[in-house]
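Asks: Input: one structure, supplied below.
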Amino acid sequence: MTSGRVRRRAVLALAFGAALTTGAATGAWHETAVDAAVPGQRGAETRLRTPLPPGGVPLDGVPLGPDEARELLSVLDDPWAAYYPADAVSGYRRQVDGTYPGVGLTVRQAAGRVTVAYVQPAGPAARAGIVEGDEITAVDGTPAGDLGLAGVVAALRGPVGTPVTLAVGARPVDLVREILTGTDVTAEPVPDTGLLWLRVAGFGRGTADRVRAALARAPEGVLLDLRGNPGGLVDEAAAVASAFLPPGPVVSYDDGTGGRRELDVAGPPGDTDTPVVVLADGGTASAAEVLLAALRDRGRAVVVGSTTYGKGSVQAPTTLGDGGVLNLTIGHWYPPGGHAVDGRGIDPDIAVPAGEAETRGVEVLEGLADE
């Protein structure tokens with residue numbers, strides 16, 4: 001395998017698993033694809049009939065069928081591992097373009113409660129009247145407390161056209177999964193200021209272009225809202241970083257060969273002068289954490305909110321002999337400052353309760369804009 005191929009696989013795969021790792025209840029995974037990948041829901045310990053090659057990867061072309069792949073997942077100590085059977089690969093590939101089957105919301109957990117962190121406009125959840133802050137008490141009759149955050153996410157994923165019933169508080173809500181886009185970029189002025197509120201809900205193809213278009217309004221300051229952002233394509237996150245940073249590093253990552261590679265700012269020169277405040281919370285994960293950390297480590301932004309999720313691992317997809325795809329963790333990624341993110345998250349510069357993040361963020365941004 002060439003080093004270029006390894007790099008391409010690792011960069012693209014950094015995003016896969018974002019929905020699972022952050023509790024993005026978008027249903028981005030086929031319901032039979034990652035049964036063993038959810039912590040606490042692993043299958044029975046079984047002996048592998050097809051052992052891993054030395055080092056675990058690559059497995060390209062190995063005649064590993066669905067049963068063997070699931071057995072492999074059941075014995076691996078890899079909570080982010082996932083198997084996509086051949087008939088689900090098309091849905092998996094669509095994630096590279098920023099589309100996926102889902103219900104259009106992300107969730108977070110605090111004080112034992114699973115609540116809605118973000119509702120995608122015009123998605124199934126939004127049309128059903130679900131709003132940010134609603135508590136998810138059950139999924140298809142199973143209490144959210146029994147499922148846990150990852151279990152809620154797992155219960156919500158599934159193929160396009162299939163139903164799922166949420167208990168929102170005491171109210172049952174019937175939803176049907178559909179194809180959604182993860183490239184949501186919402187830009188609107190903060191009232192009575194020259195500031196721009198810029199929400200990035202995911203990183204799919206075209207996200208960076210939309211962000212640059214929004215910045216063309218020449219705001220006096222940017223409130224970059226990454227709350228509930230489960231990640232997406234890391235090269236798009238790096239391209240968004242490029243809109244704010246001069247040339248330099250964005251992220252380094254293990255490439256699966258024992259080496260470390262670096263992804264730098266690319267594209268036209270970014271706006272390095274307009275003040276930026278990033279809003280973050282426990283639903284900010286994966287590629288969203290890559291962007292946040294790059295901006296903060298390079299002195300470009302102040303982070304307001306709460307500690308991010310801490311999805312700092314890298315997965316690489318491998319096409320098996322039966323046409324299925326196996327996604328395995330090959331290492332970790334690191335921001336420009338070199339500190340570990342996986343399992344720790346990124347602490348904000350200014351910690352505030354969830355309900356106060358926007359107000360405090362605007363206050364900080366106005367102060368920076370006046371300097």
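Asks: Can you tell me which residues in segment 165-175 are surrounded by fewer than 21 Cβ atoms within 10 Å (Cβ to Cβ) and either among the small types (Gly, Ala, Ser) or in contact (Cβ under 8 Å) with a residue 60 or more places away in the chain (or both)?
Replies: 167, 169, 170
Asks: A further question follows. Are any residues in segment 228-247 at pLDDT 90 or above and in contact with a helix residue (DSSP H, G or I) (Cβ under 8 Å, 6 or more places away or on another chain), and if so, which ones?
Replies: 237, 238, 239, 240, 241, 242, 243, 244, 245
Asks: Among the candidates 283, 256, single out the residue that is outside any strand (DSSP E or B), more than 23 Å from residue 216 (Cβ to Cβ) and either basic (Lys, Arg) or open to solvent by less than 20 Å² (accessible area, probe 1.4 Å) (or both). Steps first, answer last, please.
Replies: Values: 256 fails: either basic (Lys, Arg) or open to solvent by less than 20 Å² (accessible area, probe 1.4 Å) (or both).
Selected residue: 283, the only one of 283, 256 that is outside any strand (DSSP E or B), more than 23 Å from residue 216 (Cβ to Cβ) and either basic (Lys, Arg) or open to solvent by less than 20 Å² (accessible area, probe 1.4 Å) (or both).
Asks: Taking segment 176-196 as the search range and keeping residues that are of a type outside the set (Val, Ile, Thr) and without any contact (Cβ under 8 Å) to a residue 60 or more places away in the chain, which one is most open to solvent (accessible area, probe 1.4 Å)?
Replies: For segment 176-196, the residue satisfying everything is 192.
Asks: Just a yes or no: is a residue in segment 303-312 in contact (Cβ under 8 Å) with a residue 60 or more places away in the chain, open to solvent by 30 Å² or more (accessible area, probe 1.4 Å), part of a loop (DSSP other than H, G, I, E, B) and not basic (Lys, Arg)?
Replies: yes
Asks: Would you check if residue 192 is modelled with pLDDT under 95, under 30 Å from residue 241 (Cβ atoms) and not aromatic (Phe, Trp, Tyr)?
Replies: Answer is yes for this residue.
Asks: When segment 200-224 is examined, which residues are found to be closer than 19 Å to residue 305 by Cα, touching a Leu at 6+ places or on another chain (Cβ under 8 Å) and modelled with pLDDT under 95?
Replies: Across segment 200-224, the qualifying residue is only 200.
Asks: Please determine whether any residue of segment 138-152 is open to solvent by less than 10 Å² (accessible area, probe 1.4 Å) and outside any helix (DSSP H, G or I).
Replies: yes
Asks: Within segment 102-120, identify whether any single residue is open to solvent by 10 Å² or more (accessible area, probe 1.4 Å), over 25 Å from residue 306 (Cβ atoms) and either touching a Ser or Thr at 6+ places or on another chain (Cβ under 6 Å) or modelled with pLDDT under 85 (or both), and answer yes or no.
Replies: Checked segment 102-120: no residue is open to solvent by 10 Å² or more (accessible area, probe 1.4 Å), over 25 Å from residue 306 (Cβ atoms) and either touching a Ser or Thr at 6+ places or on another chain (Cβ under 6 Å) or modelled with pLDDT under 85 (or both).
Asks: Name the one entry in 278, 290 that is under 30 Å from residue 353 (Cα atoms) and part of a strand (DSSP E or B). Don't jump to the end; show me each part of the working.
Replies: On the way: 290 fails: part of a strand (DSSP E or B).
Among 278, 290, only 278 is under 30 Å from residue 353 (Cα atoms) and part of a strand (DSSP E or B).
The values are calculated or read from the model by the stated rules, or taken from the named source; none is laboratory data. Here the structure is a predicted model, which means the values were calculated and not measured. In this analysis, Cβ positions are derived from the backbone assuming ideal geometry, glycine residues included, and neighbour counts consider all displayed protein chains. With ligands, DNA and RNA removed, areas are computed over all heavy atoms of the protein, side chains included. Shrake-Rupley method; radii C 1.70, N 1.55, O 1.52, S 1.80 Å.
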